[in-house]
Every structure is written in C-alpha cells, then in structure tokens.
Amino acid sequence: LQWLKDPGPRNEKRTLFCDMVCFLFITPLAAISGWLCLRGAQDHLQFNSRLEAIGLIALTIALFTIYVLWTLVSFRYHCQLYSEWRRTNQKVRLMIPASRSPHPMPHSLLSAKLMKKTADETTV
C-alpha cells in the first residue's frame, strides 16, 4: 500500500494511473470487437464468403495478440517499478536484545529509542 501512496516520481504515478484506465477501457472493447469479428466470420462462412471470414478471423487474432502483448508489457513494467521501489525504499530497524545483567549498559537509552515500533518499519 505504501508503494501505491508514493510509488516514486510523479511520472510513474501518472503512468500507473493511465495504464489502469486504459486497461479498464480497452478490455471490454477488445472482448466486444473480438466477439463481433468472430460472429461476422461465422456469418460469412454461412454465405460462402471464405475470404472475408478468414480476414475477420485474422483480424481477431491480431487484435487479441496486440491486447495480450500490451497487457504483459505494461504489467512487467509496473512490476519492475515496484521491485526497484522495494529495493531502494527499505526501512530496517536493528533490534538490540535486552541485557540480562543487572547493570545497565551505556547503549540502553539508545536501544529504548530504537525499540519504539512504527507502522512503516520492518523488524529484522
């Protein structure tokens, strides 16, 4: 969720938002277009227009190939951005175990401050 709140530069946020909008807009259009092309090909086969039917089937294959390639490339790009963000935005806290000796150690004040837990840090 932190990555969605702040994935990095403003350009990356805009790209993610635009790709999500395009995906939501293009998916139903590709499905409807593919269905209409296949229905047209079926109708042309009934009327012995094999060349038109083959053309519509080829158009459907090209349409879905382009759609799948765009989806995979876009998904891979955003996964790479997320991986890079995770690699460069690590928050690590060093946990110092409590001492068993009765005498306080000089670093006890420091360790008490480090022991405070915050929601955006990872315990190691």
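Counting only protein chain heavy atoms and rolling a 1.4 Å probe, the accessible areas of Asp43, Asp19 rank, largest first, as Asp43, Asp19. In this structure the amide hydrogen of Arg93, modeled in the peptide plane, comes within under 5 Å of the amide hydrogens of Thr122, Val124, none closer than 5 places in sequence on its chain.
Filter the trypsin sites (Lys or Arg not before Pro) in segment 38-104 to those in DSSP coil with at most 12 other Cβ atoms within 10 Å of their Cβ, and list the result.
Numbers: sites: Arg39, Arg50, Arg76, Arg86, Arg87, Lys91, Arg93, Arg100; in loops: Lys91, Arg100.
Here the sparse-neighbourhood loop sites are Lys91, Arg100.
Applied to segment 17-25, the Karplus parametrisation 6.51 cos²θ - 1.76 cosθ + 1.60 on θ = phi - 60° returns per-residue 3J(HN,Hα) values of 5, 5, 5, 5, 5, 4, 4, 5, 8 Hz, with x for Gly and Pro. Measuring with a 1.4 angstrom probe and ignoring ligands and nucleic acids, Phe17 comes out at about 130 Å² accessible.
The values are calculated or read from the model by the stated rules, or taken from the named source; none is laboratory data. Computed from a prediction, not measured in an experiment: that's the story for all the values here. For neighbour counting, all protein chains shown are included, and Cβ atoms are generated from backbone atoms with ideal geometry for every residue, glycine included. We work out accessible area using only protein heavy atoms, side chains counted, and drop any ligands, DNA or RNA first. Shrake-Rupley method; radii C 1.70, N 1.55, O 1.52, S 1.80 Å.
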